[in-house]
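Reviewing the structure listed below.
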Amino acid sequence: MSEYQYYELVAVDRQLSKEEMGYLRGISSRAQISSTRFCNTYNYGDLKADPRQLLSRFFDAYVYVSNFGCKIFAIKVPRHLIIDESTLLRYLQGDICTYKSSGAHWIIEFVYEDEDGYDDEWDEGDGWMGSLLNIRSELMHGDYRSLYLAWLSQLDELEPDALSPAIPPGLDDLSASQSALCDFLKLDAQRVVASAKVKPDYASVEPEVLIEIEERIHNDIVVDCYDELERSTGWHCYLDDRLAFPFDAECCQELTVSPLKMKERVVVTGMADQDYCEATMQVQIKWLDRTLAVPLVQLEASSDDVDEETVEAIGDWHYWVEQGYHF
């Protein structure tokens with residue numbers, strides 16, 4: 001099988017000058033060149049220029065497709081119209097989907113790489129640019145769902161202790177271009193659906209707060225935990241150490257495994273035995289005339305007298321559950 005490579009670059013914010021088009025013609029005598037587009041395919045040779053440099057100098061978006069397992073969609077966006085670098089770093093943490101600074105712009109790359117080196121599905125590349133280009137405009141208007149999709153696509157390649165970025169709103173209602181990006185990256189639809197169901201919406205929480213929670217979880221609570229029992233033990237030890245018993249709490253959700261009703265107030269007296277916490281963290285409460293174990297996830301601190309460390313630890317457990325993490 002011969003090699004196949006497809007290159008397409010488009011200009012959005014301005015038209016190319018005749019001199020710039022002449023420069024591009026000097027790179028390729030066969031390419032389709034207009035004041036807004038450069039496109040060519042190669043079966044044996046290759047583009048005699050760095051497409052990333054062409055993107056940086058002349059264009060605003062770039063698509064590359066090969067039959068040996070690599071696809072790239074890259075965009076150039078003005079730095080003053082998009083998020084700061086710290087946010088980009090949270091979403092683009094790996095070595096596949098990346099970003100870099102180029103003068104007054106960010107260049108963001110969405111990349112798919114097949115580990116076997118060849119893609120069984122023949123893809124000529126034409127059509128991707130039209131389907132994906134609107135992602136550039138969405139990012140420039142503050143829609144970060146495409147960045148989260150990039151993070152999801154490389155999740156399996158990240159370090160186990162990599163921090164999770166905030167989940168942007170609207171993940172359950174992707175735009176046409178974002179749906180096309182899922183196809184381009186061959187992103188598992190179930191992974192997107194699972195993320196979209198996360199509640200409550202942590203997108204409204206300051207990113208710094210989310211980073212602090214993630215760091216506590218991965219650096220303090222489940223650090224060096226390699227299986228379900230070790231992670232549940234890590235959580236049990238953390239909560240037993242941080243929760244200042246007894247404290248007043250209120251039921252924030254009703255569960256079939258618990259008799260507590262919404263807004264019902266109780267006194268939490270301690271952690272349940274670890275044997276009862278292998279599936280979920282449970283605490284002991286005074287209820288009617290006896291001591292009862294109930295899931296911690298259905299409780300929240302109800303008194304101003306509860307210390308900050310206790311409130312924080314309860315919030316950490318709620319975050320773990322609501323993010324869909326498991327032992």
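Bear in mind these aren't lab numbers, they're just calculated from the coordinates by the rules spelled out. No experiment lies behind these values; they were computed from the predicted model shown. Here Cβ is always computed from backbone atoms with ideal geometry, including for glycine, and neighbour counts include all displayed protein chains.
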* Structure fact -> Measuring from its Cα centre, the chain shows a charge dipole (+1 at each Lys and Arg Cβ, -1 at each Asp and Glu Cβ) which, in debye to the nearest 20, is 1840 debye
* To do: Taking the dipole about the Cα centre of the chain, with the C-beta of Lys and Arg at +1 and of Asp and Glu at -1, give me whichever of Ile27, Thr98, Ser86 is farthest to the positive side.
  => Ile27
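Hey, what did region 1-150 get for relative contact order, percent, Cα under 8 Å, at least 6 apart? Write out the running numbers ahead of the final one.
Details: 247 pairs, mean separation 35.5, N = 150.
This gives 24 percent for region 1-150.
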* Most mobile listed residue (Tyr148, Tyr91, Tyr44) in the chain, GNM with C-alpha springs under 10 Å -> Tyr44
* How much FRET efficiency would the formula 1/(1 + (r/R0)^6) give for Gln253 and Ser175, where r is the Cβ-Cβ distance and R0 is 41 Å, rounded to 0.05? -> 0.80
* Structure fact -> Among (i) 45, 20, 19; (ii) 86, 27, 16; (iii) 51, 19, 15, the entry matching semi-axes √(5λ) of the Cα gyration tensor in Å as calculated here is (iii)
* Structure fact -> Per the rule of 0.36 nm per residue minus the C-alpha distance, extending Asp114 to Glu228 adds in nm 37.9 nm
* So what's the gap between the Cα centers of region 75-115 and region 129-188, to the nearest angstrom? -> 12 Å
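Hey, got the dipole for region 210-322? About the Cα centre, +1 on K and R Cβ, -1 on D and E Cβ, debye to the nearest 20? Working shown, then result.
Numbers: 8 positive and 27 negative charges, 130 e Å.
The dipole magnitude comes to about 620 debye.
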* How much length, in nm to one decimal, is gained on full extension between Asn219 and Lys186, taken as 0.36 nm per residue of separation minus their Cα-Cα distance? -> 8.7 nm
* Cα centre as origin, Lys/Arg/Asp/Glu Cβ charges: region 1-46 dipole, Debye -> 200 debye
* Helix-only CD estimate at 222 nm, as mean residue ellipticity for the chain, using -39500 (n - 2.57) per DSSP H run (n ≥ 4) -> -9000 deg cm²/dmol
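Can you give me the relative contact order of region 1-78 as a percent, contacts being Cα pairs under 8 Å and 6 or more apart?
Numbers: 133 pairs, mean separation 30.8, N = 78.
Relative contact order of region 1-78: 39 percent.
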* Structure fact -> In terms of the charge dipole of the chain, which places +1 on Lys and Arg and -1 on Asp and Glu at the beta carbon, the residue among Trp122, Pro168, Leu229 farthest towards the positive end is Trp122
* **Packing-based exposure ordering (other Cβ within 10 Å, fewest first) of Trp122, Trp317** => Trp122, Trp317
* Per 10 Å bin, what percent of the C-alpha pairs of region 210-322 does each bin hold, from zero upward? -> 14, 49, 31, 6, 0
* Charge tally in the Cβ shell below 13 Å around Ala272, where Lys, Arg are +1 and Asp, Glu are -1, Ala272 excluded -> -4
* In the neighborhood of Ser177, defined by Cβ-to-Cβ distances under 11 Å, what is the net charge if each Lys or Arg adds +1 and each Asp or Glu adds -1? -> -1
* Normalised by the residues of the chain, what does the relative contact order come to in percent, with Cα pairs under 8 Å and at least six apart? -> 11 percent
